[in-house]
Amino acid sequence: MAKFLRYLAWSLLIAFGLIGILRLTVIRWWRVPLGDPYLEASLAPSVRGGDWLILWRGSAPIEGNLVLCPEPKAAGRYALARILGETGDHVKLTGGGVLVNGRSFETESGCDSFTVRDPGTGQEATQNCRREVVGSRTHLRGEANASLPPPSDAELDVPGGQVYLVSDNRQFPWDSREFGPVERSTCVETVVFRLVSKDGFFDVPNRLTLIR
């Protein structure tokens, strides 16, 4: 028994040591803010306000990554959206559709519909979900709802050294349509994993999940 306890203690010590090293170098955990209705709505169905996320900072984010960046026009606020436009790309957004250099992104079979609170009215809105393929990654995307006012359109060529961010929720975006392209140098953290959801560890479907 004593030998087992020593083994367990050393194992825990090594595990915590490794986590500490990773925390100091390439990862950190971060909780999505609660009480920001525009940000929270824009993240569905990928993540929700109150979720605890693991952020990776060991390599530069690439197209298709869900990234955390300082919001350029509001000190202390964060943008959490997906890189869909790089330097020199021509990005066009119409309603819920996105074209980059004239091409759209492939979508796959649908996923479960979900409900989100309309940040403008406070009313519950039901949306359909699709799987969108960007590069080699497939992520969830909330579809625009034809019964609701469409989101704003936008079209531009992404300036040098910047990226264009697009929300996963195409009905209620909070992305570069609101605050413009973002300096790539400020977007150094990629969302890779959800530890637990805002509902805690016993929310089994939404704990310990990979975020694409």
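Values in this text are rule-based calculations from the coordinates and carry no lab data. Keep in mind the model is a prediction, meaning the values are calculated, not measured. When we count neighbours, we look across all protein chains shown, and the Cβ atoms used for this are built from the backbone with ideal geometry, even at glycine.
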Please build a GNM for the chain, connecting alpha carbons under 10 Å apart, and tell me which residue among GLY120, GLY49, GLY180 fluctuates the most. GLY120
Simple spin-label model, 7 Å along Cα-to-Cβ: PHE193 to THR209 in nm? 1.6
In whole angstrom, the spacing between the Cα centers of the stretch 92-112 and the stretch 115-166 equals 9
Relative to the compact globular guide of 2.2 N^0.38 Å, what is the alpha carbon radius of gyration of the chain, as a ratio? 1.12
Tell me which residues come under 5 Å, amide H to amide H, from ALA81 once H is placed; ignore anything under 5 positions away on its chain. VAL67, CYS69
Where does the charge balance sit around GLY85 when Lys and Arg score +1, Asp and Glu -1, over other residues with C-beta under 14 Å from its C-beta? -2
Taking Lys and Arg as +1 and Asp and Glu as -1, residues besides GLU143 with C-beta under 14 Å from its C-beta add up to 0
Give me the net charge of ALA154's neighbourhood, meaning all other residues with Cβ under 12 Å from the Cβ of ALA154; Lys, Arg count +1, Asp, Glu -1. -3
Apply the a/c threshold of 1.5 to the C-alpha gyration tensor of the stretch 140-196 and tell me whether it is rounded, prolate or oblate. oblate
Are there trypsin sites (Lys or Arg not before Pro) in the stretch 140-188 that DSSP puts in a loop and that have at most 14 other Cβ atoms within 10 Å, and which ones? none
Where nothing but the Cβ of Lys and Arg (+1) and of Asp and Glu (-1) is charged, how large is the charge dipole of the chain around its Cα centre, in debye to the nearest 20? 1020
Mean Cβ neighbour count within 10 Å, used as a protection proxy, ranking 189-199, 71-81, 147-157 highest first: 189-199, 71-81, 147-157
In degrees rounded to 10, the 0-90 angle between helix 2-25 Cα long axis and the longest Cα principal axis of the chain is 30
